[in-house]
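J.: One structure follows; several queries about it will come next.
Nothing in this text is a laboratory measurement; each read-out follows from the coordinates by a stated rule. Note that the coordinates shown come from a computational prediction; the quantities given were computed from them, not determined experimentally. Using ideal geometry, Cβ is built from the backbone for each residue, glycine included, and neighbour counts are taken over all protein chains shown.
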Amino acid sequence: MFWNNSKNGGGFTGKGIRTGSEYLIELNGITKQYETAAGPFTALHDIDLRIGAGEFVAIIGKSGSGKSTLLNMIAGIDRPTGGEVIVQGTPVHKLSEGQMAEWRGRNLGIIFQFFQLLPTLTVAENIMLPMEFAGLYAPKQRRARALELLELVDLVDQADKLPSALSGGQQQRVAIARALANDPPILVADEPTGNLDSKTADAIFDLFERLAAEGKTIVMVTHDIELAGRVGRAVTVVDGELVDEPVPVGLDMPAYIAPDYALAAR
Amino acid sequence: MLKIRWLKIIRELQSNKARTLLVVLSIAVGVFAVGTIVNSWIVMLNDLSAAYLATDPADAIFNLEPFGDDVVSAVEGMREVDSSEGRASVVVKLDTSDGEQVNLNLYAVEDFRQLKLSRMTQETGDWPPLRRQIFVERSWADSLEGVAIGDNVIVEAPDGREYELVFGGLAHDLHQPSAFVSDTAYGYVDLDTLEWLGQDRTFNRLYITVSENRLDKDHITAVAQDVKERLERDGIAVRSVTIPTPGEHFATPFVKAFLLVLGFLGIFSMFLSGALVLNTVSAVVARQVKQIGVMKAIGGSNIQITEIYIGTVVVFGLLSLSIAVPLALLGTRALSDFYAGAINFDVVTTSIPPVVILLEVFVGLAVPITAALIPILAGTRMTVREAISDYGIGSDNPNSLAMRLTSGRPGIGALALAFRNTFRRKTRLALTLITLTLAGATFVSVLSVRRALYTSFDEVLGYYQYDILTDFSDTYRFTQIEREAQRLPEVAAVEGWLAVGAVRQRPDDTESGSYQLIGIPPESDFLDPILTAGRWLSADDRDAVVVNSDFLNGEPDVQVGDWITLAVDGDDTLWQVVGTITTQYNPTGAVYTTGEALGRQLNLVGYANQVAIRLVDGSPEAQKRIAPLVEERFKNAGMLVGRTTAISDFVESFEARFNLLTVFMLMMAFLLAIVGGFGLAGMMGLNVLERVREIGVIRAIGASDRQVRRIILSEGIVVGLISWVLAFVLSFPLSKLLSDGVGLAFANEPLTFSFSYGGGALWLGFALLIAIIASYIPARGASRLSVRETLVYE
């Protein structure tokens, strides 16, 4: 539970206490500009963020605030215009697209809002593909591992179906299983429940909580304040900057995150 | 275990059968065209050359006054001569099984088994011909349909007497033009039979090979000159000497020229196929950009992802090769058998030369892989975000020209959308336009060539302002010829001509081959020649000549105003060239002068050995009916008739030859039209797929099914129309190029160019039809989707 917003002049950043390598994820001065027809648009502005191992962090913000962009920086899905992204000691922003993909395959699992399962591969095959890409696990063990993961998300009976035969919630559980394929220490999820009804979203969120409890570091973008209230820590993005306002609504937040908000409010 | 990646490839191919088929067919078209043409090229030239060399062709052939074995031995004794051989050649007539007569060039030797040079081989029957037996060249087998080996055939000797010979079988003689191009048949008898036919037991052809430098035409010419001098010293007059291109069958240039035209079409098809493949494959990959992004997100490296798509293209290529390689072999066989038949040789190669396989693999694999690499590399270079993000409606902008053309014009709202949409995917549009334009231009060009053939053909018809030509074996007073001919009521007008063989004595002391020197009345309206330079003959010319383009091909130094020396019957005569004319696709070098001038030179004023007859009714049927009557008439008057030709016969053989060619080219044109259709269908399908979401929006704001269909159809029609305009413009130079090529291949001179506007109009119809069919299918698909489906479309 360490975070820092330099705009706030530090706060309880722990900057002087911990070295960069002690954080699993470290963002230093991240800026992202997009060239648009109407001129350059700054999506992220000089962001510093540190996430320690085992944290469950929610990035919250309004549509267009830059929260997904921030997540993309961590996952190496997009590149910063300026600043550093260091994940597990790897300067991700310096990797080429190809190196980035390989690094991601072993270290990070991604879950998208629209699931993004490959439509021509079965559920099990979708989960086996990252193992194949990363060359992890013996080819003969991959299916067994895929089935284990499906067991975890309670979809073992759907293993040989195509994604199109599954409901949205089921597809998202497959996507989570796929993200876990190579047992990465970090999971990033972009609005994983955004396309699901609230009951299903609850179930998916439960799954994330379980994974967090098992020690995965999870970074999740969401605009669902209620869900955000259930995570270890929530950071808010407003117009491309991290702000220290507490989550405005919600409020039956577990007590253990309250101190953070108290800090942030200071 | 099969890798998931390969599973993905196979599933993609299976799940999009129509697209797989489209790509596979596009590649296959190129492989087929290139494979067939290159393979035919190699097979035909190799087999023709091998078959020709296997006959031990003579290096020079002398046409001599009668001579005997002693001369053959004497020539063979010359140091520069390796071997020599005598043959007798006489033209007789053969009654064909359909009751007509054809000229038959009869060759006779003592024993065909002993033949050393320019050999012919047995096809059917028991070679060699025995006494009173005749073998006929195999390409004339049709003329003797129903005649079995052992049956009698009737031969008319030059003196007009008829003889019954036993048909011994067919021979194959690569040294003679086939029935396809020649109206003279060839037959083989032994010397006893020749004598029995009332001919002298002497030779009049001398075949030689030189001792060294057999591929050096200059050397052979020099040796032939020595032999000629030697023969003349021995008192044997030399009528002409023929020196074939060393080591090459006489039809080789013809085959090469034809293959060149074909090669041209082949290269076109390859480009077509390449453009089509580039279009389809890049669209296939472009559709997968999101999947590329997802795979990168879950750890796929660039190499792994590239592998998947290259793998897909390799599967496309292999499927195409598996279809096109065997088809190309069949195509090769059909094409080479057809042309081998026309030239009269056998295709013996059945395997595919390695270089053809390499080329097929290149077109089938390397071209599509290269085409695919462009979008694949672009896809892998994108960040995952760029690949995955797909916010709403695509933002690719239409071309500014398309905007200007359609802005501010009331009443074309939906059509403006169609028109602008067309210009959104510029590369794809360009490739589709290239495909359709090439197809259209070739289509129109082929029809133009066909038209040019018929125009040239009409000119041929125009040249012959008479209907029947009779050659006599002797000269007769023209008044007598005219009197006999006029006894037939069907005859309208008669002209007597004097035609003799002439050899040009060139300024460098060499001699040309034999040309025809023809004396005709200067005011003759029986010929309608097309002057290319100078003037036609006039009544007061004394030593003026007009030469045709075939003469000029052989004697390129001759110009209007030049004096030329022509040896006629061994005497040198001097003439001034006053004009040049085109050859009417009847490749014989000819020199025209006035009948009187030639008559004076030969002491034959008032005499003729040819008669041109114009009939009251000049229809082909009348010509065919009356020609034998004319011949009968002259024979009854005791005149020796060489041959009688109905002009329509000549015209028909000309037409038949060209029709075969145009049928082939039309087939090619339709094939191209279909390929062009594939191209457009592919483009429209992909455009619609890519814009499904946009279509959903249009429907959400109230467009009916019909309106959606109309927008997509209009888009296809816009492309069809643009391609038509481009094709029309391109088809002018292309038509000219093709028509020159075909003319040169088949008649040694360019065809009279004639653009087929009808073909242009026809292609407009086709282009629109293709456009409608190609866009109807995706349009129907799009209009069936519900708005919800289209908006969530992935």
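J.: Rounded if a/c is under 1.5, else prolate if a/b beats b/c, else oblate: with a ≥ b ≥ c from the C-alpha gyration tensor eigenvalues square-rooted, which is the stretch B:131-259?
T.: Oblate shape, in that a/c is at least 1.5 and b/c is the bigger or equal ratio.
J.: Moving on to the next point. Given R₀ = 35 Å, what would the calculated FRET efficiency be for B:E232 paired with B:V663, taking r from the Cβ atoms and rounding to 0.05?
T.: 0.10
J.: In whole Å, what is the distance between the alpha-carbon centres of the stretch B:591-618 and the stretch A:213-229?
T.: Each part reduced to its Cα centre gives a spacing of 110 Å.
J.: Could you size up the charge dipole of chain B around its Cα centre, putting +1 on the beta carbon of Lys and Arg and -1 on that of Asp and Glu, and report it in debye to the nearest 20?
T.: 7620
J.: Let me ask something additional. Report the FRET efficiency, 1/(1 + (r/R0)^6), for B:L737 and B:D571, where r is their Cβ-Cβ distance and R0 is 45 Å, rounded to 0.05.
T.: Efficiency, rounded to the nearest 0.05: 0.45.
J.: A 18 angstrom limit on the alpha carbon distance is what I want to check against. Which of A:K62/A:K94; B:K93/B:K116; A:K32/A:K67 exceed it?
T.: From the list (A:K62/A:K94; B:K93/B:K116; A:K32/A:K67), the Cα-Cα distance tops 18 Å for A:K62/A:K94; B:K93/B:K116.
J.: So for the protein assembly as shown, taking the charge dipole from beta-carbon charges (+1 Lys/Arg, -1 Asp/Glu), which of B:T96, B:W497, B:A328 sits furthest toward the positive end?
T.: Result: B:A328, furthest along the dipole toward the positive end.
J.: Amide H neighbours of A:Q33 under 5 Å, at least 5 residues apart or on other chains, H built in the peptide plane: list them.
T.: Here A:A43, A:T81 satisfy the definition.
J.: Rounded to the nearest 20 debye, what is the charge dipole size of the stretch B:61-214 about its Cα centre when +1 sits on each Lys and Arg Cβ and -1 on each Asp and Glu Cβ?
T.: My answer is approximately 360 debye.
J.: Using Cα centres only, tell me the gap between the stretch B:99-147 and the stretch A:20-62 in whole Å.
T.: What the calculation gives is 95 Å, centre to centre.
J.: How much of the DSSP beta bridge set in the protein assembly as shown is antiparallel, as a percent to the nearest 5?
T.: Antiparallel bridges: around 70 percent, rounded to the nearest 5.
J.: Between A:E151 and B:L260, what is the label-point separation in nm under the 7 Å Cα-to-beta-carbon projection?
T.: With each label placed 7 Å out from Cα toward Cβ, I get 7.6 nm.
J.: Would you list B:S775, B:S240, B:S714 from fewest to most Cβ contacts within 10 Å?
T.: Listed from fewest to most nearby Cβ atoms, that is B:S240, B:S714, B:S775.
J.: Okay, next question. If you average the alpha carbon positions of the stretch B:337-353 and of the stretch A:103-160, how far apart do those two centres end up, in angstrom?
T.: 58
J.: Okay, moving on. Of B:K8/B:K296; B:K426/B:K736; B:K228/B:K256; A:K216/B:K8, which ones are farther than 21 Å apart at the Cα?
T.: In this structure, B:K426/B:K736; B:K228/B:K256; A:K216/B:K8 exceed 21 Å between Cα atoms.
J.: Could you give the length gained by full extension between B:Q14 and B:A492, i.e. 0.36 nm per residue of separation minus their alpha carbon distance, to one decimal place?
T.: Extra length from B:Q14 to B:A492 when fully extended: 164.6 nm.
J.: Still on this structure: Once you list every other residue whose beta carbon is under 12 Å from the beta carbon of A:L196, what net charge do they have if Lys and Arg are +1 and Asp and Glu are -1?
T.: -2
J.: B:V560 to B:A378: extension gain in nm, 0.36 nm per residue of separation minus the Cα-Cα distance?
T.: 59.0 nm
J.: With everything on Cα atoms, drop me the angle between helix B:620-636 and the longest principal axis of chain B, reported from 0 to 90° to the nearest 10.
T.: The angle comes out at about 10 degrees.
J.: Using only Cα atoms, tell me the angle between helix B:647-690 and the longest principal axis of chain B; keep it within 0 to 90° and round to the nearest 10.
T.: 10
J.: If one takes the longest principal axis of the Cα atoms in chain B, at what angle in degrees, from 0 to 90 and to the nearest 10, does the Cα axis of helix B:217-233 lie?
T.: 10
J.: Can you give the calculated 222 nm mean residue ellipticity of chain B, where each DSSP H run of n ≥ 4 adds -39,500 (n - 2.57) and the sum is split over every residue, rounded to the nearest 500 deg cm²/dmol?
T.: -18000 deg cm²/dmol
J.: Kindly put B:T475, B:T442, B:T332 in sequence by how many other C-beta atoms sit within 10 Å of each C-beta, fewest to most.
T.: Going from least to most buried by this count: B:T475, B:T332, B:T442.
J.: Still on this structure, I have one more. Simple spin-label model, 7 Å along Cα-to-Cβ: A:A213 to B:T350 in nm?
T.: 7.7
J.: For B:E386 and B:I530 in one chain, what is 0.36 nm times their gap in residues minus the Cα-Cα distance, to one decimal in nm?
T.: Residue separation times 0.36 nm, minus the Cα-Cα distance, leaves 44.9 nm.
J.: FRET efficiency for A:S164 and A:E97, Cβ-Cβ distance as r, R0 = 30 Å, nearest 0.05?
T.: 0.55
J.: Let me ask another. In whole angstrom, how long is each semi-axis of the equivalent ellipsoid of chain B, when you take the square root of 5 times every eigenvalue of its Cα gyration tensor and sort them from largest down?
T.: Equivalent ellipsoid of chain B: 65, 31, 23 Å, largest first.
J.: Using Cβ counts within 10 Å as a stand-in for footprinting exposure, how do A:E148, B:E307 rank, fewest first?
T.: Final ranking by Cβ density, sparse to dense: A:E148, B:E307.
J.: If you don't mind, another one. Work out the length of the dipole vector of the protein assembly as shown about its Cα centre, built from +1 on the beta-carbon of each Lys and Arg and -1 on the beta-carbon of each Asp and Glu, and round it to the nearest 20 debye.
T.: 7040
J.: Further, regarding this structure: Check which residues have an amide H placed less than 5 Å from B:S240's amide H, if you skip close sequence neighbours.
T.: Excluding prolines and chain starts, which carry no amide H, the hits are B:N63.
J.: Can you give the convex hull volume of the alpha carbon atoms of the protein assembly as shown per residue, in Å³?
T.: Measuring per residue, one finds 241 Å³ for the Cα hull of the protein assembly as shown.
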